[in-house]
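Asker: First, the structure itself, so that you have it in front of you.
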Amino acid sequence: MSDEIDTEVTQLFEGARKEGLSVIETAHDLHALGEAKVRVLGRKSALSSARSGLRGAPEEKRRSLGQLANAVQTELEAAVAAKQRGFEASERAARWDREAIDVTLPGDAPSLGSLHPLTQTVWEIVDIFIGLGFKVAEGPEVELAKYNFDALNTPAHHPARSPQDTFYIKEGEEEFVLRTQTSPMQIRVMESQEPPVYVVVPGRCYRRDVQDATHLSGFTQIEGLAVDEGITMGDLKGSLQLVAREIFGRDLDVRLRPHHFDFTEPSAELDVQCFACRGSGCRICKQEGWIEVLGCGMVHPYLLEWVGYDTHRYSGFAFGMGPERIAALAHGVADIRMFYENDLRFLNQFGGIR
Ligand code: DAH
């Protein structure tokens, strides 16, 4: 009787082993293998029910049958593990294939930003002056009316002072304006140092102008000032001629045309021969043959006295120009408002970081 049980239980384990191996064998993916594992090794498996038969086995057989049970279990577990490793390896290989990166493929080049065309123009002009030995200074956009007008010899009732032309920030005893020009920096620079002075001042200015193709209420200027012993009108013309030719073309003529500014005496406007028609007259120079580039003159002694310079010893020249106008001319832009519209179709035409 006990031998019968012995053989019966042994057969049950053998059956569980064979069936288990074939169930594991037919699992065709990781998921199916998981299910097979439960079926073959779980609580309701043939192995598990064969183990419960052990309880009825005679004492002396139990040990060897128990070892058989463990051996079957170990074999089935090993079969599951081997199969699982196989699946994982092929899945990994497939993923490597799928996710492989071909480093030899051309990449997507990130698009580089570039300097705004006006910034490019300002930097180009400032660079030319740096080459001539000038320093760069910057000053406040909210400026004392005293510096924007009085120190610059602007008469008390000059229309430029009117609130129709100038943005007043604070009225009363000490008046503040949005500077209408970079010229007040002439005073600030001279107040802060002794001659020699060679300085250019790029910066934003504001006027209550009605905006159109050639006027903006917020715009840029570049101021220049040279004060030293023995500075003459010849120095002014020579320096500015060099700069104008550098910007517009080396072989172009330059002329000074008499003008008036409160803070220079004598005053002039500097014209450069039209780079498009070379003087014969065209659309760009409005048939003039010449293009106005900047205002300039010999620094008025009034300014030198204001800052306490010795007017017998020192003289100077000054100039002011509008980069919007210069950039518009240089690039053939018909309306300077385009520089402030932030239209990428416009701006992208001036690409290129310098
Ligand atoms: N400040 C003048 C303007 O806004 C430009 C100017 C003219 C500046 C002559 C100067 C100068 O320094 O000498 O129209």
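The values are calculated or read from the model by the stated rules, or taken from the named source; none is laboratory data. The structure presented is a predicted model; accordingly, all values stated were derived computationally and were not measured. Cβ: placed from backbone, ideal geometry, glycine included. Neighbour counts: every protein chain shown. Surface areas here come from the heavy atoms of the whole protein model, side chains and all, with no ligands, DNA or RNA. Shrake-Rupley method; radii C 1.70, N 1.55, O 1.52, S 1.80 Å.
Asker: Could you do me a favour and compute the accessible area per residue for the stretch 117-350, 1.4 Å probe, result in Å²?
Answerer: 49
Asker: Taking every pair of Cα atoms in the stretch 84-236, average 1/r, invert it to obtain the Kirkwood radius, and report Rg/Rh to two decimals.
Answerer: For the stretch 84-236, the value is 1.41.
Asker: When only Cα pairs under 8 Å and 6 or more residues apart are kept, what is the percent relative contact order across the stretch 2-99?
Answerer: Once divided by the residue count of the stretch 2-99, the mean separation gives 37 percent.
Asker: So, one more: Under 4.7 Å Cβ to Cβ, no partner at all: give me those cysteines from the chain, in residue order.
Answerer: If one checks each Cβ against the other cysteines of the chain, Cys205, Cys296 turn up with nothing under 4.7 Å.
Asker: So, one more: Could you tell me which of rounded, prolate or oblate describes the stretch 117-350, using a ≥ b ≥ c as the square roots of the eigenvalues of the alpha-carbon gyration tensor, with rounded for a/c under 1.5 and, failing that, prolate when a/b is larger than b/c and oblate otherwise?
Answerer: oblate
Asker: Arg313 accessible area, nearest 10 Å², 1.4 Å probe?
Answerer: Solvent-accessible area, nearest 10 Å²: 130 Å².
Asker: Could you work out the relative contact order of the chain, using alpha carbon pairs under 8 angstrom and six or more residues apart, expressed as a whole percent?
Answerer: This gives 14 percent for the chain.
Asker: Reachable lysines from Lys170, Cα under 25 Å, same-chain residues fewer than 8 places away excluded?
Answerer: Of all the lysines, those that pass the test against Lys170 - Cα under 25 Å, at least 8 places apart if same chain - are Lys146.
Asker: Quick check on the stretch 48-91: take the gyration tensor over C-alpha atoms, sort the square-rooted eigenvalues as a ≥ b ≥ c, and tell me if it's rounded (a/c under 1.5), prolate or oblate.
Answerer: Verdict is prolate for the stretch 48-91.
Asker: Probe radius 1.4 Å, ligands and nucleic acids ignored: give me the carbon and sulfur share of the accessible area of the chain as a rounded percent.
Answerer: 51
Asker: In straight Cα distance, which aspartates and glutamates are under 20 Å from Lys286, not counting same-chain residues fewer than 8 positions off?
Answerer: Asp212, Asp253, Glu269, Asp271, Glu324, Asp335
Asker: Evaluated at 4 °C with a viscosity of 1.567 mPa s, what Stokes-Einstein diffusion coefficient in µm²/s does the stretch 290-336 have when Rh comes from the Kirkwood expression over alpha-carbon pairs? Could you put the intermediate results ahead of the total?
Answerer: Values: Rh = 12.9 Å.
My calculation gives 100 µm²/s for D.
Asker: Another question, if that's okay. Tell me what the chain gives for mean residue ellipticity at 222 nm when only DSSP H runs of n ≥ 4 count, each as -39,500 (n - 2.57), the sum divided by the residue total, rounded to 500 deg cm²/dmol.
Answerer: -13500 deg cm²/dmol
Asker: Once whole DSSP H runs in the chain are found, which of them have Cα atoms spread over 15 Å or more along the helix axis and a mean Kyte-Doolittle score of at least -0.5? Let's see the in-between values first.
Answerer: Working: long enough: 2-26 (36 Å, -0.45); 30-41 (16 Å, 0.66); 59-99 (59 Å, -1.02); 117-131 (21 Å, 0.91); 233-248 (22 Å, 0.38).
Helix filter hits for the chain: 2-26, 30-41, 117-131, 233-248.
Asker: Leaving out same-chain residues fewer than 8 places away, which aspartates and glutamates sit with a Cα under 19 Å from that of Lys61?
Answerer: Cα-Cα hits under 19 Å: Asp3, Glu4, Asp6, Glu8, Glu14.
Asker: Rg and Dmax of the stretch 2-99 over Cα atoms: what are they, in angstrom?
Answerer: Rg and Dmax of the stretch 2-99, Cα atoms, are 16.6, 61 Å.
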